[in-house]
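The block underneath contains the structure these notes are about, expressed in structure tokens.
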Amino acid sequence: MNEKKENILVIDDDPYVLESISSLLKESGYSIVTCENAACAIEKLKRDSFDVVITDIKMPDISGIELLEKIHNLNMEVPVILMTAYAELDLEVDAIKKGAFDFITKPYKPEQLIHSVERAVNYSRLLQMEKNYKKTLEETVRERTKELSNALQMVKNMSREIILRLTAVAEFRDTDTGAH
């Protein structure tokens with residue numbers, strides 16, 4: 001078993017599908033949180049951070065497409081995998097246009113779901129690495145800018161000092177006024 005501990009939120013109104021997906025993903029080493037409706041999912045998304053969200057499209061309260069939009073309003077970067085038993089091209093196109101990471105048709109093949117989740121997890125990792133890199137880069141730029149500013153101030157101070165000393169030397173060398 002892998003040592004992965006990525007958090008995955010699974011939303012489906014069918015408890016058997018929830019159990020099936022949860023078991024499969026737990027066996028693959030993921031940490032799973034389940035919800036049977038969109039309201040539960042929104043609450044969990046507000047409280048916790050998830051690396052991937054898997055949601056059914058056809059649910060009684062709101063559709064998975066509407067939930068996708070709400071999820072992206074909370075966290076634009078979380079990859080959302082949509083699942084449905086009603087595969088329609090228009091539905092798939094609409095889902096992808098609205099930012100779905102992947103679209104899986106039920107009944108799903110376990111290896112297809114695992115592959116999709118692994119891709120989504122890798123995507124999340126890459127986004128996190130990019131964020132960390134940008135943060136480190138910004139900190140480095142701030143530090144270097146401060147160092148450069150300090151060095152520039154030092155050069156200005158030294159320039160003033162050199163000008164004052166050269167002026168003093170010039171006055172001492174003047175034969176008419178140097179002795180005063």
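The values are calculated or read from the model by the stated rules, or taken from the named source; none is laboratory data. Model, not experiment: these values are computed from the prediction. Cβ: placed from backbone, ideal geometry, glycine included. Neighbour counts: every protein chain shown. Surface areas here come from the heavy atoms of the whole protein model, side chains and all, with no ligands, DNA or RNA. Shrake-Rupley method; radii C 1.70, N 1.55, O 1.52, S 1.80 Å.
Numbers for the structure displayed
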item: Phi-based couplings in Hz for segment 108-125 (Karplus 6.51, -1.76, 1.60; Gly and Pro marked x); result: 8, 8, x, 5, 5, 5, 4, 4, 4, 5, 4, 4, 5, 5, 4, 4, 4, 4
item: DSSP-assigned coil residues among trypsin sites (Lys or Arg not before Pro) in segment 83-174, each with at most 15 further Cβ atoms within 10 Å; result: Lys98
item: DSSP bridge orientation in segment 1-71 - percent antiparallel, rounded to nearest 5; result: 0 percent
item: Filtered chymotrypsin sites (Phe, Trp or Tyr not before Pro), segment 14-91: DSSP coil and at most 12 other beta carbons within 10 Å; result: Tyr86
item: Mean separation of Cα contacts under 8 Å (6+ apart) over length of the chain, as relative contact order %; result: 16 percent
item: Gly99 long-range amide H proximity, modeled H, under 5 Å; result: none
item: Those trypsin sites (Lys or Arg not before Pro) in segment 1-62 that DSSP places in a loop and that have at most 11 other beta carbons within 10 Å; result: Lys5
item: Cβ-derived FRET efficiency at R0 45 Å, Asp48 paired with Lys156, nearest 0.05; result: 0.30
item: Label assignment, Cα extents along the principal axes in Å derived from the structure, set [x] 105, 37, 28; [y] 64, 40, 30; [z] 61, 40, 26; result: [x]
item: Per residue accessible area of segment 13-164, 1.4 Å probe, in Å²; result: 63 Å²
item: Top positive-direction residue, dipole computed over segment 23-180 with Cβ charges, set Tyr133, Ile62, Ile42; result: Tyr133
item: Carbon and sulfur %, accessible surface of the chain computed with the full protein complex present, 1.4 Å; result: 54 percent
item: Per-residue HN-Hα couplings for segment 149-160 [Karplus 6.51, -1.76, 1.60; θ = phi - 60°; Hz; x = Gly/Pro]; result: 4, 5, 5, 5, 4, 4, 5, 4, 4, 5, 4, 4
item: Cross-link pairs Lys26/Lys98; Lys26/Lys106; Lys58/Lys131; Lys98/Lys146; Lys109/Lys131 - those with Cα-Cα distance over 31 Å; result: Lys58/Lys131; Lys98/Lys146; Lys109/Lys131
